[in-house]
Amino acid sequence: MAGSVTEMENKQVVLTEYVTGFPKESHLAVRNGGKIQLKAPQGSVLVKNLYLSCDPYMRGRMSPPKAGGDPNFASFTPGSPIQGFGVGKVVDSGVAEFKSGDFVWGVTSWEEYSIISNTKTLFKITNTEDVPLSYYTGLLGMPGVTAYFGFHDVCAPKKGEYVFVSAASGAVGQLVGQFAKLAGCYVLKSKFGFDEAFNYKEENDLDAALKRYFPEGIDIYFENVGGKMLDAVLSNIRVHGRIAVCGMISQYNLEHHEGVHNLAAMIYKRVRMQGFVSFDYFARYSELLDDVVPYVKEGKIAYVEDVAEGLENGPAALVGLFSGRNVGKQVVAVAHE
């Protein structure tokens, strides 16, 4: 417990209404959620949120509920705090695995203090010296899990293969490209150490762009964009190519999703395309730490953050993802301890 203080005011970011089309800042509101008791109920953990992660998948949770959906991606409730991944410090614990003063990352609410009852999605941070705490929203958090296992497990890379990563400047894409380089692959020059790059939003002919950068074709495509980009990749994929699908940001704000016309290429080129989510690999999180933390300490991985200071700037930071405003991992710093 924090000295003699037994309760605190609790600022929150809430969804004002369900979203159709592109989200606006007005769809989110910063409000005073009232006082919160600094005592965790039995079976729960009370955390002070320090860093919140802005992630594209959150757009889907701003839409009206749909039957049969994955509960991990259930729609937010208008008038209530939105949820996502974050880093926090345990204030009080009713769970044996966590104690006051522990740093943790996992699913939390967008507010200053959160009571977390589903502690299965909460990970204790044991290394606070070699990497900043904020990195656990990205490099060593959910995006890192997505990039690491999506590339190594789903894509099954071989040295010398040609790898294309769409949205390579984002939280997941910047990591996939570097994991691919470390694995000895050719990756579509910059601070991330990629071989080539282009701005897909400025290309009139994506098929021609891919032929320009991958004249031999693509072995591995890490999908973050969807739509016309996926179509162009399918016409440039090599035999036995692999496509790992973790996001389709070009489609999230469309009422009617774009169709894909080159799916027949999957038959003749024996392509494997697989969707996956980070939750699939949480049980293997220690593998990521064992492999990636040494790379960070040795300076072999470059990691870029775009930090918005203060919970009041959270709505602009989250909405900005969908116009490409951020460079690197978008983070909201609620407090620095």
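The values are calculated or read from the model by the stated rules, or taken from the named source; none is laboratory data. Computed from a prediction, not measured in an experiment: that's the story for all the values here. Neighbour counts run over all protein chains shown; Cβ positions are idealised from the backbone, glycine included. Just the protein is used for accessible areas: all its heavy atoms, side chains included, with ligands, DNA and RNA removed. Shrake-Rupley method; radii C 1.70, N 1.55, O 1.52, S 1.80 Å.
The alpha carbons of the chain give a radius of gyration and a Dmax of 20.5, 69 Å, in that order.
Of the solvent-accessible surface of the stretch 48-205, computed with a 1.4 Å probe and all protein chains present, 48% belongs to carbon and sulfur.
Seen from ASP102, the other residues with C-beta closer than 12 Å to its C-beta sum to a net charge of +2, counting Lys and Arg as +1 and Asp and Glu as -1. Were the residues from LYS211 through HIS336 laid out at 0.36 nm apart, the gain over their Cα-Cα distance would be 40.4 nm.
Counting only residues at least eight positions apart within a chain, or on another chain, the lysines with an alpha carbon under 19 Å from that of LYS48 are LYS11, LYS35, LYS39, LYS89, LYS99, LYS120, LYS124.
Ranked by the mean number of other Cβ atoms within 10 Å of their residues, highest first, the peptides 101-109, 320-328, 78-86 fall in the order 101-109, 78-86, 320-328. Straight Cα distances below 23 angstrom link LYS66 to the lysines LYS24, with same-chain residues fewer than 8 positions distant left out.
Electrostatic bookkeeping for ALA232 treats Lys and Arg as +1 and Asp and Glu as -1; over the other residues with beta carbon under 11 Å from its beta carbon, the sum is -2. Amide H to amide H distances under 5 Å link LEU50 with VAL87, GLY88, LYS89, where only residues 5 or more positions off or on other chains count and H is placed in the peptide plane. Could you give each residue of the stretch 135-148 its phi-based ³J(HN,Hα) in whole Hz, using Karplus coefficients 6.51, -1.76, 1.60 with θ = phi - 60°, and x for Gly or Pro? Each residue of the stretch 135-148 in turn: 5, 7, 8, x, 3, 10, x, 4, x, x, 4, 4, 5, 5 Hz. Solvent-accessible surface of the chain, averaged per residue with a 1.4 angstrom probe and all protein chains in place: 44 square angstrom. Under 23 Å of direct C-alpha separation, and excluding same-chain neighbours fewer than eight residues apart, LYS158 reaches these lysines: LYS181, LYS189, LYS211, LYS269, LYS300.
Charge tally around SER75: other residues with Cβ under 12 Å, Lys/Arg +1 each, Asp/Glu -1 each, net +1. Here the 3J(HN,Hα) profile of the stretch 322-337, calculated from phi with Karplus coefficients 6.51, -1.76 and 1.60 at θ = phi - 60°, is 8, 10, x, 5, 8, 10, x, 6, 7, 10, 10, 8, 7, 7, 10, 3 Hz, Gly and Pro shown as x.
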